[in-house]
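Below: the structure, in C-alpha cells.
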Amino acid sequence: MRRVLLFAFITLMAFSLLAVVPQEFTKLSDNAPELRPLKTPDVQQITLKNGLRIMLVEDHRLPLVSGRLMYRGGSVFDPADKAGLAGIATEVMRTGGTEAVTGDDLSEMLESMSASVEAFASSESAYVSFNCLSENFTQVLDIFRDIVLNPAFREDKIQLAKDQIKSAISRRNDEAQEILSREFPRLLYGKDNPYVAIEEYATVDAITRDDLVAYHQRFFFPSNGILAIWGDIDAKAVAKTLKESFKGWEDNGRKVASYPKMKYDLTPGVYFSHKDGVNQSYIELGHFGIQRDNPDYYALEVMNRIFGMGGFASRLFKNIRSNKGLTYGVYGGVDWEYTHRGSFFVSTFTMSPKTVDAINAVIAEIRDIKTNGVTQEELDKAKKAFFEKFVFNFDTAGKLIGRLQSYAFYGMPMNSLDVLREKIKAVTVEDVNKVAAKYLDPDNLLIYVVGNKDEIDPSLSELGEVKEVDITIPAPKGEEAPEATEADLDKGRALMTRALKAHGGDAVLKVTGKEVEEELTMDMGGQQFTLTTVAKMVLPDKIHVTVTMPFGTIEQAYDGTTAWVKTPQGVQPYPAEEFKDEIMKEFFNLLNAVKNPDVTFQYAGTESLGDKTVDAVFVKKGEAQFKIFLDTKDHSIAGMKYQGKTQMGPAEMVQAYTDYQTVDGVVYPASYTVTANGEPYITSKVLKVVLSPTLDASIFAMPGAAE
Amino acid sequence: MRRILFVFALLLMGSLLIAGAFQEMEQSVTEFTLDNGLKVILFENHQAPVISMVTYVNVGSANEKPGITGIAHIFEHMAFKGTHNIGTSDPAKEMEAMKKVDEAFYAWKAEYDKGDLKDSAKLDELKSTLEEAKKNAKEYVVSNEFNELVEREGCSGLNAYTSWDNTAYFYNFPSNKLELWAYMESERFLNPRLREFYSEKDVVMEERRMRTESSPTGRMIEEFIAMAYIAHPYHNPVVGWMSDLMTITRAEAQNWYENYYQPNNMVVAIAGDVFPREARPIIEKWFGRLPTRPTPEPVETVEPPQRGERREIMEDPSQPFAIIGYHKGDFNHPDESVFNAITDIMGNGRTSRLYKRLVRDDKIALAAGAFTGIPGQKFPGLFIFYGLPMQGHTNDEVESVMYEEIEKMKNEPVSDEELNRVKTRAKGDFLRELQSNSGVAHQLAFYQTITGDWRDMFSELEQIDKVTKDDIMRVAKEYFTRTNRTVVFLQPAKDGGES
C-alpha cells in the first residue's frame, strides 16, 4: 500500500485572513527569472531477447553506481497461511548466499568494497538492489546476478530470519502509531485481504525452505522484472554486459501473476483498540479511494493538496491544527493505488481528552469541502505550488529512473509525468468541486482510534456504537494433532479412563473443589526467585490465586466469565481467555473430562518424558488442544505439553510431575517442574492440599464490582 | 552553459581519490564572509536547476540554563511564524495585543510559581484572561503566511531541527528563486515576530508528550542521557523539561534570539545551481542587513570524570532494550577518528562484531550496534552500545556479551580486513554524502561551524586512514571502563506481567 504519513514538525496557528503580502516579496516573485531548463538525462531502454527489460541512465558526477531489479513478487502473493513468505524469501536470498558463496562471505566481500546488495519485498512488488563505487561495478554486478539467479537459501539463515521476524512480531504493539497504520487498512479492506495480510507466529513457523525455493522459481524469470542501473556507467557497455550475464535465463513458460481481485465491502463505524501508557489518541478515518487509472485522478490530486496533503497550506493543517489547536499533526486525502482502489483517509493524533473533538472537526472539514467546494484562490495557490515544485520530481538520475521504472512496472506510458503536468494545468474549480462531491462520504466513515480508554473523555460512544478491535498478538499454535482415527480416539479415552482409576476413580469424581498451597522457584533470565501461591478453586471454573513474592502480594481470579488481577497498584480486569485455557488443564477438570463427550482424547504414540516412557494423548475441546503424558507403567498422569507464555513471550511448556501424594483417596501431584522452550522455568513443591473445602463464593468476584 | 563536472577520473582507493576529490571540491566551492561576520559557502552543481540551502546557527540546547530548557527548540518553531510584516494584517495593533498576552501570562505565572501555596481558583481565572488575550491577538494573525508564501514559490522540504549543539533551517528551491529566498530567510532572522508564542508552547508540550512521555524508548533515552551527564548541559533534553516549558516567556525567547542569532554565529551554505558571481551580491544585499551583536558567552561547564558505574532499570510492558554509554572527547579530540573506526568495526553492517556475535551466532539480539554523536559533538560526548534482545533473551545476557566483545577489543588487535574495511567505507560513505545537494550543504555548514574550516571534511578522511590497531586497543582500554559507563535497561516488570 502506498501510504506516506507526513507530520509537519512545525505547528503554526493557522487561520487564513486575506494575506497581506509585503511589496518586496511580490516584486521578487514577479521578477524572478525563468527557470533554467533541465537537461533530462537520456534513459536507454532495452528489452533483451529473453524478455528482461533494462533501463540505463548515465550520471558521471560521482563515482557511484546503483541498480535495482523490480519484479512482481510482493507479499500480496503470499498464501494466507504463510504470510511473511516474500519477506523471508527476499531476506534469505541475500543472507543465505548463493550456491558458490555463503551469505557471510558475501557480506565480507561487499562491505570491504563499501558496496551493498539487498533484497526486500513490499506489498505488490519486490526488489533486489545494489550500490557500489564505480571501480567495483563489474564485481558487484556479478554478485548481484548470482543472487538473482542462484540463491542457496541456507537453512541457518532461514532460521535466523524467522526468529527475527518473530521477535519483531512480539514488538509490534509497542507503539500506538504503528498499531494505527497497521490495523486501519485491515479494517478497511478486511483482515483476510492479501494486500493487508500480516505475519503471525503460526504463518512464519509454517514457512519451509521448499517454500522459499518455490517462491524464487515462481517469480524470478526475465519477463517478470525490470532492471534499472544508473550512475557512473557506460550505458552501451553495460547493455552488452547484461546481455551476456543473463544469457540462459529464460521464462520457460512462466507467466506474470495477476494481482488478486479486490472486494470493496465498507464496514463503516467506530472502532477502538486500547493502549496503555499513552496520553494521546491516534486516529484514522476514511473509506475507499480510487484506482490510478480513474480519469478523476487529476482533479483529486489538486483537491488533495487543498484539503489535506498540501503541507502548511492545506485546510486540515490550517483549521484542525492551527485554528482549533486540536492536534500537532494531521494529514489526508483521496489516495490511489495502481492495482486497486486506495483509501480516502485522514490521519491525526491528539491529546486524549480532545479525541472526540478532533474527529468531529475532521468530519466537519470533509463535509465542508464536499458541500461547498473550493475557491478560485485555493485552486490557483495549489496549482502554482505544484508547478513551482515540479522540477523536484526528476532533479536527480535516481528520482528520474525510479519514476520510469514504476511506470514500466505498472504498464503506465513513459510520458506520464508530462501528461500529469498537462492535466493538472487544465483542472478547474468546477472539476475539483465535482470530485469532492462525488468521492467524499462523511456519512459512511470507518473511524479507528488507538488510545487510552481511561483518558478519552467524552467517550467515543458519542460518535456511535464502538467496536473493540482486538490487537492481541495470536500465540503460536502448539504441536498440532494429526488426523484422528477411530482407533486413536478409542485408545485415547481408554488410557484416560485408566488414568482416572489410577488417581482414585470415584474419589476423584466426588471432589467439588480444592485449596492448594505451593512453593515455586522461578527461573527468569538467569535469575531465580521463590514465591508461594495459594489457589482456591470451585470446580469446574471458579478459581482464586494469591501469589506472595519477595516484594508483594498479587491476587488473580476468574469466576467463569470475567477475570481480574489485584496488585499493590490496584484492581484491573484480566483477559478471561487465558484462564479458560488454563482451566481445562487443571487436574480435576482433566480427569472429569473423561466423561465429557465434547472433549476428545487422541492417542499419539509413546514418547519419553525425563526417564519415564509415556503414552502421549492429545486432549481437544473445540479449538483448544494440548498433549498429556501418561505413564505406561502405572497409567498415572506424568505430565503435559502446551503452548503458554512467559515474561519473555510465547513458549512451548512441558510440565513433568516428579512426585505424588494421596489425599482423601486421590493421588495428587506433590511436586513438578515446568520448562519453557526447553529451558528450566518453574520448580514447584505442593505444600498443602485440601479437597472439597468450604469456600466463600465472593472471593471470585472482582473487588468493587457492583453486586 | 557553464558546467562544472565533478569527475573523478582517476579513482583509486587511497589518498589519490581523496586528493582528487579535494581539488574538485575546492574548484566548486566559493566562500566569503560578510562585513557583519556571516560566513557564506557556495557549492556549484549545475546538473539540475535546483538549490539546497542551510542556515546553520551555532546554538543548541546545550547553551540553555536551568529554567529555560527547551527554549532553543521553541525558538526554532517560532522562526516559522513570520516577521513583523509577514504573518499579520496589522503589525502595530498586533504588537499591542501581544503585549497584553504577555501581561496576562506573567500574572498567571506569578500565581503558578507559588507552587503548593497557589490558589487554584485564581489560577483558573488568570488562565481564562490569558485565553481571552490570546484570542484577541489572533485577530491580527495571518497564519502560516511565511510558509505558504515560500511553498507557493516552489520550496520543497521546508524544515528545521534543533540539537544539543546547533539549530539548522533548511529547504530546497528551484534555482530561479535565489533572491526571493535570500530576502525571506534574511528577513525572518532580521525581524522575527514571536506571534502566538504561548499557543505554540502548548504544541511543543504536545510534542514532548508524543516523543518522550508516551514512548517507552523516548523515556529511556531521556533518562539515560540525564544520568550520564550530571553537570554539563547535555544533561537536559532538547525538548526541555515540562516544568520549564510551562513557564518560559516570550521575552525570554526574544532574548535568546538576540543573544545567539547573529551573523558571526551563523553559517549559510548553498549547494546546487548557484553562480557565485550573481549570488554573492544578492546574498550581501539581503543578509548584510543582519546587525552584528556582541559574541555570546560560551558554555563553560565541563562534565567532571564519572566516579562510578551508573545503572537504571526502567520497567515497561514493552519489549526489552539495553543501552550502555561511555564518556569520550569532543569532535576535535585526537581520538575521534579512532572512535569512528571502533563504531564501524563494532556496529556497522553484517560484518560488524556485534552483529556477528549477538545477532548471527549467539542469536540473543534482534539488533545490536554502536554509535557516537549523541548527545552532541561540540562538547565531550558518549560512545554508545545498544541491543534489542530476541524473544526469550534478556538485557542482562546482551550486556554481558557486549562486555566480552569490549574486552576482546582491548586485548586483541583487530584484523587487517577489519581495519581496511573501516577506511574503505569511510571513503564510500563520504562520496555518498555528496550525492544530494542538501547533504553537501549540510556537511559544509557542519564542518565550518565545528572545526572552523569546511575543508576539514577531507582531513577527517585522512585521520581515519592513519588509525592503527594499537590506537584501537589503547582507546578501548582507556575509555571502556566500568567507572566510565552508564547503563539503562528497558524491560517488562518481573511481577507476573501486570504492573
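Table for the structure above
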| item | result |
| --- | --- |
| Residue-count net charge about A:S114 - beta-carbon cut-off 10 Å; Lys, Arg +1, Asp, Glu -1 | +3 |
| Alpha-carbon centroid distance for the pair segment A:374-418 / segment B:39-94, whole angstrom | 29 |
| Cut-off 14 Å between beta-carbons: net charge of the residues surrounding A:P680, Lys and Arg +1, Asp and Glu -1 | -3 |
| Helix-only mean residue ellipticity at 222 nm for the protein assembly as shown, each DSSP H run of n ≥ 4 adding -39500 (n - 2.57), per residue, nearest 500 | -11000 deg cm²/dmol |
| Of every Cα-Cα pair in chain B, the percent that sits beyond 44 Å | 22 |
| Dimensionless Rg over Rh [chain A; C-alpha; Kirkwood] | 1.05 |
| Cβ neighbours within 10 Å from other chains - mean over A:665-671 | 0 |
| Whole-Å distance, taken between Cα centres, linking segment B:253-313 and segment B:186-224 | 20 |
| Modelled FRET efficiency - R0 45 Å, A:E455 with B:D35, Cβ distances, 0.05 increments | 0.20 |
| Separation of alpha-carbon centers, segment A:560-586 and segment A:20-43, rounded to whole Å | 67 |
| Signed unit charges on C-beta, dipole axis of segment B:216-330, positive-most listed residue B:N255, B:P305, B:G240 | B:N255 |
| Unit Cα scatterers, Debye sum, the protein assembly as shown: log10 I(q)/I(0) for q = 0.07 Å⁻¹ | -0.81 |
| Chain B: antiparallel DSSP beta bridges as a percent of all, rounded to 5 | 80 |
| Backbone HN-Hα couplings from phi across segment B:104-109 [Karplus 6.51/-1.76/1.60, Hz, Gly and Pro as x] | 4, 5, 4, 5, 4, 4 |
| Pairwise FRET efficiency - A:N294 versus B:K100, Cβ, R0 = 41 Å, nearest 0.05 | 0.20 |
| Over segment A:448-496, volume per residue of the alpha carbon convex hull, in Å³ | 185 |
| More than 25 angstrom apart: percent of Cα pairs within segment A:89-216 | 36 |
| Karplus-derived 3J(HN,Hα), 6.51/-1.76/1.60, for each residue of segment A:380-391, Hz, glycine and proline x | 4, 4, 5, 5, 4, 4, 4, 6, 5, 8, 4, 4 |
| Trypsin sites (Lys or Arg not before Pro) within segment A:600-672: DSSP coil, no more than 16 neighbouring Cβ in 10 Å | A:K633 |
| Shielding score for B:418-425, defined as the mean number of other chain Cβ atoms within 10 Å | 3 |
| Those GluC sites (Glu not before Pro) in segment B:98-176 that DSSP places in a loop and that have at most 16 other beta carbons within 10 Å | B:E139 |
| Distance between modelled label sites at B:K65 and A:R36, nm, 7 Å Cα→Cβ extension | 4.9 |
| Two-site FRET efficiency, A:N677 against A:E135, from Cβ-Cβ distance with R₀ of 56 Å, rounded to 0.05 | 0.70 |
| Which listed pairs, of A:K477/A:K536; A:K354/B:K99; A:K595/A:K641; A:K621/A:K645; A:K453/B:K138, have C-alpha distances above 31 Å, in listed order | A:K453/B:K138 |
| Percent of C-alpha pairs per 10 Å bin, segment A:619-707, short to long | 14, 31, 34, 20, 2, 0 |
| Vicinal HN-Hα couplings computed from phi for segment A:240-247 (Karplus, 6.51 cos²θ - 1.76 cosθ + 1.60; Hz; Gly/Pro x) | 4, 4, 5, 4, 5, 4, 9, 5 |
| Around B:N159: net Lys/Arg minus Asp/Glu count, Cβ-Cβ under 14 Å | -3 |
| Exposure rule at most 11 other beta-carbon atoms within 10 Å, DSSP loop chymotrypsin sites (Phe, Trp or Tyr not before Pro): chain A longest free segment | A:265-550 |
| Percentage of interatomic Cα-Cα distances in segment A:384-541 larger than 25 Å | 76 |
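Since every read-out is calculated from the coordinates, none of them should be taken as a lab result. Everything quoted here is computed from the prediction, not taken from an experiment. Reconstructed Cβ throughout: ideal geometry from the backbone, glycine too, with neighbour counts over all protein chains shown.
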